[in-house]
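Step one of this worksheet: look at the structure below.
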Amino acid sequence: MEQVSNSLSSTNGVCAVPCFKEELVTTIKNWLPDTERVKQVAALHGALGDPTRLKILLALSHVDELCVCDISHVIGLSVSATSHQLRLLRNLNLVSYRTDGKMAYYALVANLPVIGWIQETLATNGK
């Protein structure tokens, strides 16, 4: 353990040992997406990891749009809890919404490839 801590730079925690495959490391660093894009993808996967949000996305994949009340009945949550989940999905640009008077309607964002992947995964693994 002592040897490991001696190989770390005291200022930023990056390994102080010379890079052995500098060209390969440079290639990989250039290939990786920027940190902001990685954070966006991580947030997307976090959203898909929640069963309630996943059910909402699947429900919306079968219709053009649904009002919050109908979505809450489909997933079995209060309107308030459903609205919260929809807001998270909207912040990730997975759903869009429109209002008509006091009613709020939600729909999937067009051409959302992740829905096909979710449906295929569920079909492959059974119900």
Residue list for segment 70-92, filter: part of a loop (DSSP other than H, G, I, E, B) and either of a type in the set (Phe, Trp, Tyr) or crowded, with 17+ Cβ neighbours inside 10 Å (or both)
77
Within segment 17-28, does at least one residue satisfy the condition of being farther than 28 Å from residue 113 by Cβ, modelled with pLDDT of 95 or more, hydroxyl-bearing (Ser, Thr, Tyr) and exposed (fewer than 13 other Cβ atoms within 10 Å of the Cβ)?
no
Of (1) in contact (Cβ under 8 Å) with a residue 24 or more places away in the chain; (2) more than 24 Å from residue 39 (Cα to Cα); (3) surrounded by 15 or more Cβ atoms within 10 Å (Cβ to Cβ), residue 64 fails just (3)
Looking at segment 93-113 only, could you name the residues that are surrounded by fewer than 16 Cβ atoms within 10 Å (Cβ to Cβ), aliphatic (A, V, I, L, M) and out of contact with any Ser or Thr (no Cβ under 7 Å at 6 or more places or on another chain)?
103, 110
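The values are calculated or read from the model by the stated rules, or taken from the named source; none is laboratory data. In this text, all values refer to a predicted model and were calculated from it rather than measured experimentally. Positions of Cβ are backbone-derived with ideal geometry, glycine not excepted, and every protein chain shown enters the neighbour counts.
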